[in-house]
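The values are calculated or read from the model by the stated rules, or taken from the named source; none is laboratory data. Predicted model only: the values in this text are computed from it and were never measured. When we count neighbours, we look across all protein chains shown, and the Cβ atoms used for this are built from the backbone with ideal geometry, even at glycine. Side chains included, ligands, DNA and RNA excluded: accessible areas come from the protein's heavy atoms. Shrake-Rupley method; radii C 1.70, N 1.55, O 1.52, S 1.80 Å.
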Amino acid sequence: MSREKITLNEFVLFLLNHLNYVFLVKCFNMLKLFFVLFCFLSTVSGQPISKSIYNANQFIWKAKWISYPAIDGKDYGVYHFRKTINIAAIPDKLIVNVSADNRYRLYINGKAVSMGPERGDIQHWKYETVDIAPFLKIGKNVIAALVFNMGDNMPMAQISLRTAFVFSFKDTAFSKFNTGISDWKVMHNKAYSPLYYDSKEYYVVGVNDRVDGSLYPWGWEEIEYDDQNWTIAENVAQSTLYGFMDGQKWMLVPRSIAPMEESRIEISKVLRSEGIDLSASIKFNSSFTVPANSKVQILLDQEKLSIGYPELIVNAGKGSSIKLSFAEALFKKDDKDHLIKGNRNEIEGKTLIGNTDIFLPDGGDNRLFRPLWLRTFRFIQIDIETKSEPLIIKDFYHIFTAYPFQRKASFECDDSTLMKIWETGWLTARICAGETYFDCPYYEQLMYVGDTRIQALISMYLTGDDRLVRKALKELDNSRLPLGLTQSRYPSSGIQIIPPFSLFWVDMIYDHYSMLADTALVNEYLPGIRTVLAWFIERIDTSGLFKSNEWWYFTDWTPAYTRGTPHGAYDGVSSVINLQLVAALQNASVLFDAAGKAYESERYAALAESINQNVYRTCFVNERFLIAQTPQQELFSTHANIFAILTGCLPDSMFIPVLNKLINDSSLIPSSIYFKFYLFRAIEKAGRGDLFLSLIADWKEMLNLGMTTFGEELNEPRSDCHAWSASPIYEFLRQIAGIKPISAGFQSVLIEPQLGYLKHIKVAMPCPKGTIELLCDRKGKESAYIETFLPEGMTGILKWNGKEIELISGKQVIFVK
């Protein structure tokens, strides 16, 4: 073991892991006493003791959280806040901090300027910082905010304490206008009521909206609006930052990611209309009138899946009803009376089944309906019923809203189907990324670790932007429970624990380190890695294998697994779960070594090797030449043997024959679209990246079904857009182009193109030093013309057909035979 400096706590952790616990507790208490005495004697013998003064002011805003008076703040409700201020001169900048529970939309003089807060939890409640100077004018100005709380039916991803709003000027000259310091006015908007979607599937994205225009305070955000009958807001809490010593409710922390992109998208075309003559296939961006006493139904097609805020602007139509319904796909019944989606582009005999908003116009002009929260859709159905007054539809579009990723990677090849997969995968990844990563945008909008690991790799490889990755790592670290594990999804108002997902969180930290070599980030998460691995290590029994019957051991949605759980997970030993533990231990060993923790690195590596040997000893079946699911050696899966390759549980000489079985042996429990990400990792580990293009038939089939994003599963998926199914676009760069770091942070790079049947690729990929570029034209079976470009300061190796060529910074032209 190498010599290194360790802290007192690390030394005690070492002892606790190796000696008697009760004895060590007594020793530890004595050690603490000696340590305190040593520190005291060191101090009194040297410099005089200085007083430690806690500066509370640095953690307190001169503002208070406010709310509508006399409510408990936990129920559904929509509220408007206003403050009128007079300004004699407009400063160059006027910075404000703003937040709310659950959500807010901030207006200055009628102009929307901020939306949030970014999702987090009570102990890390986000606030936005906004410069409002560009929206001000000399004289009278109005600050206004829409704040809503969906109560018991809020999205599962939303954590809440109670309805409240806070607004604070950074400039003390304006702090007299802060919430809770001066009087802010508030009104309860009773035009809103919740609409519940009775989905047969797991649906947890919140309620839809019913808005009665006759009760709506139109123009409430404008300067001219008369708010004299509004109520004075009630103070409910002091606003304090994370780190304040006492009495916190929301622990405020600054926003950690960029504001969401918002861009206007026109509705593409009309598919059919009833009760009104709208020609099919026209762009739906011009106004039309629905006559009085009419019933109209219009089916619209955005032509590809999208997410955002639909905005409908109408005139007149007093007494009318407008119902807007949203769906990823249309449905029809099969011969067994089951609802199916089939080809998404075929609409004959199909109906729209989806969540619904209702707007009741009051007869005024320029009435805007915009839902409180995001809608996900490809198809929209508008059902209109007018009374005695015609209704004028002035405009209908949507504001696309997602994390502002900018794709910096490019991929070109001579197969048009692969190019469609590239674009479709990118749209899938984009729609599944907002203030957190989403597993799926329509049904859940939750950041599950299993999906998020794949999304993070896509983000880093295709955009070079790791801010949302960092947020994911932090939120999941914040989710850790006293038992030591992270939650399986977070932020979430409902606790769910999937122990293998805690292991994938460790793997995510390893992925980030391998891409960016950020040792500071690694050090931040060492305590969490320890607690996660300790939970597993404590449950290793006398056989030297992990065994536990607690929580949910989801691995993959494959029919042979009950609720996605592999055999042996609850009633014995699961080789799958043990090998996932081995992979996390191996990755943790690299991370602790990078952090200079050699002892722990060696310990985790040794434990990984021990479990590997025990899995092989108890589960390898020579007749099948495979790792069985359990020591009973009765069932075999792709999952266990994928991880047996990835962890080195199987010797290198067995990789290729086992890989052939994974691909060709139909008796094995198969991997779903999700777990094929790990199959792709296994072919990479075995040096057979050339097989990748033969393993993406499922994605081609989804394109053939008219899908514009990739789904949760292949056959009739619940979700037509699911983050984990975007994995091939990562492989396009990682396996087809063969670009991967040799050393952490891409200090050096390996480029090993695996073109399969392709003859041409042209690729660009961002990395910490700049952009890596590759052009490869194959000439016959073995020869190729290759151009590479490496950023300044980067070196690398090009591999082609067993040959290795050193790469240097800048452009190189290489002919390989």
*Consider Ser667 carefully, then state whether it is within 17 Å of Pro566 (Cβ to Cβ) and either crowded, with 19+ Cβ neighbours inside 10 Å or among the aliphatic types (A, V, I, L, M) (or both).*
no
_Lone qualifier among Ile797, Ile736, Ile786 - being β-branched (Val, Ile, Thr) and open to solvent by 10 Å² or more (accessible area, probe 1.4 Å)_ = Ile797
*Name the pairs: first residue in the range 628-639 and at positive phi, second residue open to solvent by 10 Å² or more (accessible area, probe 1.4 Å), Cβ to Cβ under 7 Å, at least 6 apart or on different chains?*
Gln633/Val621
*Got a number for residues in the range 754-777 being part of a loop (DSSP other than H, G, I, E, B) and open to solvent by 10 Å² or more (accessible area, probe 1.4 Å)?*
6
*Scan Glu701, Glu712, Glu716 and give me the residue that is among the acidic types (Asp, Glu), within 30 Å of Phe331 (Cα to Cα), open to solvent by 40 Å² or more (accessible area, probe 1.4 Å) and assigned to a loop (DSSP other than H, G, I, E, B).*
Glu716
*Going by the conditions given, is Ala606 within 28 Å of Val590 (Cα to Cα) and either assigned to a loop (DSSP other than H, G, I, E, B) or open to solvent by 20 Å² or more (accessible area, probe 1.4 Å) (or both)?*
yes
*When residues of the range 621-639 are limited to those that are open to solvent by less than 30 Å² (accessible area, probe 1.4 Å) and not polar (S, T, N, Q), the one farthest from Ile663 (Cα to Cα)*: Val621
*Condition check for Lys332: open to solvent by 70 Å² or more (accessible area, probe 1.4 Å), closer than 18 Å to Ser193 by Cβ and modelled with pLDDT of 95 or more*: no
*Do you know which of the residues in the range 398-424 that are among the aromatic types (Phe, Trp, Tyr) and either closer than 25 Å to Leu705 by Cβ or more than 26 Å from the chain's Cα centre (by Cα) (or both) is surrounded by the fewest Cβ atoms within 10 Å (Cβ to Cβ)?*
Phe400
_Residue count, the range 524-582 (criterion: of a type in the set (A, V, I, L, M) and either modelled with pLDDT under 95 or more than 24 Å from Ile645 (Cα to Cα) (or both))_ = 2
*In the range 477-499, which residue that is part of a helix (DSSP H, G or I) and closer than 28 Å to Ala517 by Cβ is most open to solvent (accessible area, probe 1.4 Å)?*
Asn478
_Single residue of Asn587, Asn612 found to be open to solvent by 10 Å² or more (accessible area, probe 1.4 Å) and under 24 Å from Met654 (Cβ atoms)_ = Asn587
*From the set of residues in the range 353-374 that are among the acidic types (Asp, Glu) and assigned to a loop (DSSP other than H, G, I, E, B), which is least open to solvent (accessible area, probe 1.4 Å)?*
Asp362
*Would you please name the residue that is nearest to Leu161 (Cα to Cα), looking only at residues in the range 486-498 that are without any contact (Cβ under 8 Å) to a residue 60 or more places away in the chain and over 16 Å from the mean Cα position of the chain (by Cα)?*
Ile495
*Has the range 739-748 got any residue that is open to solvent by less than 10 Å² (accessible area, probe 1.4 Å), in contact with an Asp or Glu (Cβ under 9 Å, 6 or more places away or on another chain) and either closer than 22 Å to Cys432 by Cβ or part of a loop (DSSP other than H, G, I, E, B) (or both)?*
no
_Residue tally, condition more than 30 Å from Phe331 (Cβ to Cβ), open to solvent by 40 Å² or more (accessible area, probe 1.4 Å) and not in a loop (DSSP other than H, G, I, E, B), over the range 670-698_ = 3
_the range 239-252, subset in contact (Cβ under 8 Å) with a residue 60 or more places away in the chain and surrounded by fewer than 18 Cβ atoms within 10 Å (Cβ to Cβ), residue nearest to Glu435 (Cα to Cα)_ = Met251
*Does any residue in the range 74-87 that is polar (S, T, N, Q) come within less than 7 Å, Cβ to Cβ, of a residue that is buried (at least 19 other Cβ atoms within 10 Å of the Cβ) six or more places away or on a different chain, and which pairs are these?*
Thr84/Val142
_Here is a check on your reading of the model: is Val582 touching a residue at least 12 places away in the same chain (Cβ under 8 Å), closer than 27 Å to Asp511 by Cβ, touching a strand residue (DSSP E or B) at 6+ places or on another chain (Cβ under 7 Å) and open to solvent by less than 10 Å² (accessible area, probe 1.4 Å)?_
no
*Say we look at the range 262-277 and pick out the residues that are open to solvent by less than 40 Å² (accessible area, probe 1.4 Å) and part of a loop (DSSP other than H, G, I, E, B); which of these is nearest to Lys295 (Cα to Cα)?*
Ile276
*asked:* Just checking, does the range 174-189 include any residue being basic (Lys, Arg), closer than 15 Å to Ala237 by Cα and open to solvent by 10 Å² or more (accessible area, probe 1.4 Å)?
replied: no
_Search result, residues across the range 546-563 that are under 25 Å from Tyr616 (Cβ atoms), part of a loop (DSSP other than H, G, I, E, B) and not basic (Lys, Arg)_ = Ser548, Asn549, Tyr553, Phe554, Thr555, Asp556, Thr558, Ala560, Tyr561
*Just checking, which of Ile298, Ile257 is in a strand (DSSP E or B), in contact (Cβ under 8 Å) with a residue 60 or more places away in the chain, open to solvent by less than 50 Å² (accessible area, probe 1.4 Å) and hydrophobic (A, V, I, L, M, F, W, C)?*
Ile298
*Given (1) at pLDDT below 95; (2) more than 25 Å from Tyr403 (Cβ to Cβ); (3) of a type outside the set (Asp, Glu), index of the condition Asn315 fails*: (1)
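Table: residues versus (1) touching a Phe, Trp or Tyr at 6+ places or on another chain (Cβ under 8 Å); (2) in a strand (DSSP E or B).
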{"position": "Thr376", "(1), (2)": "yes, yes"}
{"position": "Thr428", "(1), (2)": "yes, no"}
{"position": "Ile458", "(1), (2)": "yes, no"}
{"position": "Lys471", "(1), (2)": "no, no"}
{"position": "Glu475", "(1), (2)": "yes, no"}
*asked:* Under 8 Å between Cβ atoms, which residue pairs at least 6 apart in sequence (or on different chains) link something in the range 121-150 that is closer than 13 Å to Glu222 by Cα with a partner that is hydroxyl-bearing (Ser, Thr, Tyr) and crowded, with 19+ Cβ neighbours inside 10 Å?
replied: Val142/Tyr107; Ile143/Tyr107; Ala144/Tyr107; Ala145/Tyr104; Ala145/Tyr107; Leu146/Tyr79; Leu146/Tyr104; Leu146/Tyr107
*part of a loop (DSSP other than H, G, I, E, B), within 23 Å of Phe554 (Cβ to Cβ) and among the β-branched types (Val, Ile, Thr) - does that describe any residue in the range 613-634?*
yes
*In this structure, is Thr555 open to solvent by 20 Å² or more (accessible area, probe 1.4 Å), β-branched (Val, Ile, Thr) and in contact (Cβ under 8 Å) with a residue 40 or more places away in the chain?*
no
